[in-house]
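Just so you know, all these numbers are worked out from the coordinates, no wet-lab data involved. The structure displayed is predicted, hence computed values, not measured ones. Glycine also receives a Cβ, built like all others from the backbone with ideal geometry; neighbour counts cover every protein chain displayed.
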């Protein structure tokens, strides 16, 4: 962490799953945590689940794909705690599994706005704050996913946006150097959340077969995010892959 006595983290998509697990880990690591998502009720419930309260957690509704929402989010963060040390760009969505040529423009743009534009807009605002605050700097962690490396069948919007996150991560790392801003990416495979329940029931493979895939405890992902966050800013985990040990990723097809 930096030399400031106050450490503030922002987690997008924090109402459930990986986002909630990361918020829990960061809270346990001593951070004040801003949790954002589209549904206030889910955020408030998540704060209770992770053991937070009004003194250490702040729930702010936001559609990260909308610039005005993101500006309001960061205004609320700044009003509450005045600085940001860690941004975890976790919010994201997929599209229905179907042949690429059958996807609508709206389905494509929904994934682009949530997964890519959201990370870009939140990073923009975080960088502005990190450059201006004292001590200067901070860390941005992007959720890249295993799909930043290897696609599943019929997932063009999700896969394309997650590959793009890798380019965004590298650009932030490069452009943030003069301002003590570090950026890394965590690629997650089969964390046990609501979104991956279908994997436990059987999911399509590269060869067209349906197979059950193993999953891992989502709290392990939260601890990995905390580890990345707590490094001194002189050090950075540029890319981390955390996955269920036996999931079909290496040699996926």
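Could you sort 20-30, 207-217, 236-246, 36-46 so that the peptide with the highest average Cβ count within 10 Å comes first and the rest follow in order?
Working: 20-30: 24.4, 207-217: 12.7, 236-246: 15.5, 36-46: 18.6.
Order by mean packing, descending: 20-30, 36-46, 236-246, 207-217.
The reciprocal of the average 1/r between distinct C-alpha atoms defines the Kirkwood hydrodynamic radius, which for the stretch 79-160 equals 14.3 Å. Using C-alpha pairs below 8 Å separated by at least 6 residues, the relative contact order for the chain is 20 percent. Compared with the dominant principal axis of the Cα atoms in the chain, helix 17-28 is inclined by about 30°.
Please state, rounded to one decimal and in Å, the Kirkwood hydrodynamic radius that the stretch 103-251 gives when every pair of distinct Cα atoms enters the mean of 1/r.
Values: mean 1/r = 0.0603 Å⁻¹.
Value: 16.6 Å, from the Cα pair sum.
Here the chain is treated as an ellipsoid with the same Cα gyration tensor; its semi-axes, largest first and in whole Å, are 29, 19, 18. Relative to the longest principal axis of the chain, what angle (0 to 90°, nearest 10) does the C-alpha long axis of helix 218-230 take? Here the helix axis deviates by roughly 40 degrees. The angle between the Cα long axis of helix 156-176 and the longest principal axis of the Cα atoms of the chain comes to about 30 degrees, rounded to the nearest 10.
When only alpha carbons are used to place a centre, the stretch 177-253 and the stretch 75-131 end up 18 Å from one another.
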